[in-house]
Structure formats: structure tokens, C-alpha cells
Amino acid sequence: MKSKNTLTLLTLAAASLLTACGSGGGKAPETMPAPAPKLEQDKAPEKGKEQGDEKVPEVAPPASQAPERKPEAPKRDNKPKQPEVRKTDAEVFDKLRLESVGSGVVLDNLFHLVLKEGTRKIDLGIVSPHDFIGTPKVETLRDLDGTLVGYYGYARVSEQKKDEARPDGEKIYAADRHFFLQSSDSSQLRLPVSLGNVTYKGKMFYQYNNDPNRAAEADVSATYFGQSKRLSMTISGQEGQWRLQDSPAVSSPETASVHANGLVAGYLAFKGNEEAKFKPNGTFTGGFYGKNGSVLTGQAQFNDKDKGWKGVIGATAAPAK
């Protein structure tokens, strides 16, 4: 019984083997493909780890860069501008001087300035023992705002002098003298603020050297040209007319250049009432003062032995129409 069962098992095993071989049709059995290796494309190589025959260099991370800043727009000062503080009469008055035009001699031993409270005008006082001959003529200069700028004028004085060596024995004697005065607050010097034309009207007090006992008065008319920053000026006196020029030559431009700080200087040409042509006859030095350069003042003179003269000028801007 045992051998019979063994035989049966062997028979079944052989049949199974034949069945497996026969089903292939003589072909070699197919093998299952091996699974594809996973690609680690996104994986960064480790630092210092070799790949094949090459060593991957260590790459330092890029230094952090600050973002580029846009240029800042200029800051605007939104604070309201403080109005210009007007000087008091007392502040300006303290800066005014007493000097003789032409010589520049200080005349404190003869005069003293007086600021009248009621009229707010400047006047001259005399120092004893000297005395005035007649009444001094003084004009006060104020700008468009009424701020005191300066003064100009003249005075005739009986000056008491002492001379121990006089042959007549009169050790103290009187000398009849004329003085022309002009002074302004230099801190108010400024260029007129205008691109158009500004007209000035005023006076000139003057005197010829060969006629020391007579002081004369002339009318002054001037125009400041804002575009070119130049000044024209005519002075009309009893004997004729002066005009301001850029040079002594009669053919030169009939205007003078005004500096950026408000100073102006030029030459004067004169034509007598009976004359047909202008001829060189002096110089003018002065400037513009006060608010918007609304005051024009200065000194004029002609150095000549026979026909020399000297004078002082003051003019103010005509109100806009």
C-alpha cells in the first residue's frame, strides 16, 4: 500500500513537469524586469562627497545684498516763512554817520544828528561855540515800508577856529563853511526786486567850488531796468543837465551797471543850457537800500580846480500805479 502511494506521487510530479515545459512552446521563460532605480534629481549632493572621479566643490551661499534704495526727493520746508523784522528808527539812527562828502572827515566836533520824535525826521544840531548860517537842509530817507534808511543834506556853518599865529592878533576867528552830508544803513543795501522798470524821484544838493556861499538844488529822475540790472539817471539843475554813463566817453551807454549787492557807480556827463553836446563832468557812487531797493542814494562830485563841484543825492521809488 505504501509503495502504491509513492508511485502515484511520482507519476503526478512527472506530469506536472511535462506540462510546464510544454506550455512554453520551446521558448525560454521570461523574467520579470527589475524595478527602475529612483532618480534623485532634486537632491543636492552632500558637502565634500565625491561623485565618480570628481569632487563637488563647496559653494558658499551668496552674500545677502541690501535692496537698492531709491533717491529721496528733497524735503520741502512747509514751515511758513517768517516775515522780515523791520528795524526800529533807533537801531538805524545809531548806525548813521556825520562825514563830509569828498573828504570823508568826521564832523562830530561840529554837528550832532537829531531824530525828531513827532515828525520822525532827521535834523542837524550844532556843537557850541559854532553856529549855523541860515537853516540847514536835511532830507530823511525811508523805504516803501516806512523803515528809516538814512539821510542827505547840507549846512552852512560859522566855524569858530583858533590860531595862535595869526598876524592880526585874533587868536579865535570865524570861518564860513559849507558841508554836504550823506549817510545810510549799510546793512539795508540790496538790489531792487523787479524784472520790470522802477522809477525813482528825488533831489541833489550841490555846490560849485568857486561859489562857496551858494548851495543849489537839482531834480533827480532815475530808472532801474530789472532785466539788464542797469540804472539810468538824469539830474536837472539851474545851469543844465547831467546824465549817468557807463564810462567817461560821451558815446558810452547812458546807463551804469548795478552790482548784485545793490551798489552802483558811474560817470556823469553835463550839457549846459546853451550847449549842444554833453561832456565829461564828474562821477556818481551810491546804491539801493531798504525794502525792494526802494531808496537810491549816493554822492556826486567833479574834481577840477576851476569848475569842480560836489553834491549829495537821494531818491525814492515812485509808488506803483
Condition met for Arg142 (under 21 Å from Arg214 (Cα atoms) and of a type in the set (Lys, Arg)): no
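Going through the stretch 275-296 one residue at a time, which ones are within 22 Å of Tyr224 (Cβ to Cβ) and either surrounded by fewer than 16 Cβ atoms within 10 Å (Cβ to Cβ) or in contact with a Phe, Trp or Tyr (Cβ under 6 Å, 6 or more places away or on another chain) (or both)?
Hits for the stretch 275-296 are Gly282, Thr283, Thr285, Val295, Leu296.
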Can you list residue pairs whose Cβ atoms sit under 6 Å apart, with the first residue in the stretch 205-218 being farther than 15 Å from Asn281 by Cα and the second being of a type in the set (Val, Ile, Thr) and in a strand (DSSP E or B)? Count only pairs 6 or more apart in sequence or on different chains. Phe205/Val312; Ala218/Ile235
Selected residue (criterion: most open to solvent (accessible area, probe 1.4 Å)) from residues of the stretch 310-321 that are under 32 Å from the mean Cα position of the chain (by Cα) and not hydrophobic (A, V, I, L, M, F, W, C): Lys321
Whichever residue in the stretch 88-113 is open to solvent by less than 50 Å² (accessible area, probe 1.4 Å) and in a strand (DSSP E or B) and, among such residues, is modelled with the lowest pLDDT: Ser100
Which members of the stretch 250-295 meet the condition of being in contact (Cβ under 8 Å) with a residue 40 or more places away in the chain and assigned to a strand (DSSP E or B)? Val258, Leu263, Gly282, Phe284, Gly287, Phe288, Tyr289, Val295
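Does the stretch 120-129 contain at least one residue that is open to solvent by less than 70 Å² (accessible area, probe 1.4 Å), charged (D, E, K, R) and assigned to a strand (DSSP E or B)?
Checked against the condition, which is being open to solvent by less than 70 Å² (accessible area, probe 1.4 Å), charged (D, E, K, R) and assigned to a strand (DSSP E or B), the stretch 120-129 yields at least one hit.
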For Gln227, only one of the following conditions fails: (1) surrounded by fewer than 16 Cβ atoms within 10 Å (Cβ to Cβ); (2) within 23 Å of the chain's Cα centre (by Cα); (3) within 27 Å of His178 (Cα to Cα). What is its number? (3)
Is it the case, given these coordinates, that Asp145 is under 42 Å from the mean Cα position of the chain (by Cα), touching a residue at least 60 places away in the same chain (Cβ under 8 Å) and surrounded by fewer than 21 Cβ atoms within 10 Å (Cβ to Cβ)? yes
In the stretch 196-218, anything within 22 Å of Arg156 (Cβ to Cβ), in a strand (DSSP E or B) and of a type outside the set (A, V, I, L, M) is listed as Gly202, Lys203, Phe205, Tyr206, Gln207, Tyr208, Glu217
State yes or no: is Phe270 open to solvent by less than 60 Å² (accessible area, probe 1.4 Å), at pLDDT 95 or above and over 27 Å from the mean Cα position of the chain (by Cα)? yes
Kindly indicate whether Lys307 is under 21 Å from Asp211 (Cα atoms), at pLDDT below 95 and exposed (fewer than 15 other Cβ atoms within 10 Å of the Cβ). yes
For the stretch 221-241, indicate whether the set of residues that are of a type in the set (Val, Ile, Thr), in a loop (DSSP other than H, G, I, E, B) and at pLDDT 95 or above is non-empty. no
So, in the stretch 191-213, how many residues would count as being under 30 Å from the mean Cα position of the chain (by Cα) and open to solvent by 70 Å² or more (accessible area, probe 1.4 Å)? 4
Looking only at residues that are assigned to a loop (DSSP other than H, G, I, E, B) and at pLDDT 90 or above in the stretch 153-190, which one is most open to solvent (accessible area, probe 1.4 Å)? Arg190
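The values are calculated or read from the model by the stated rules, or taken from the named source; none is laboratory data. Computed from a prediction, not measured in an experiment: that's the story for all the values here. Backbone-built Cβ (ideal geometry, glycine too); neighbour counts: all protein chains shown. When the accessible area is computed, the model is the full protein with side chains, heavy atoms only, and any ligands, DNA or RNA have been set aside. Shrake-Rupley method; radii C 1.70, N 1.55, O 1.52, S 1.80 Å.
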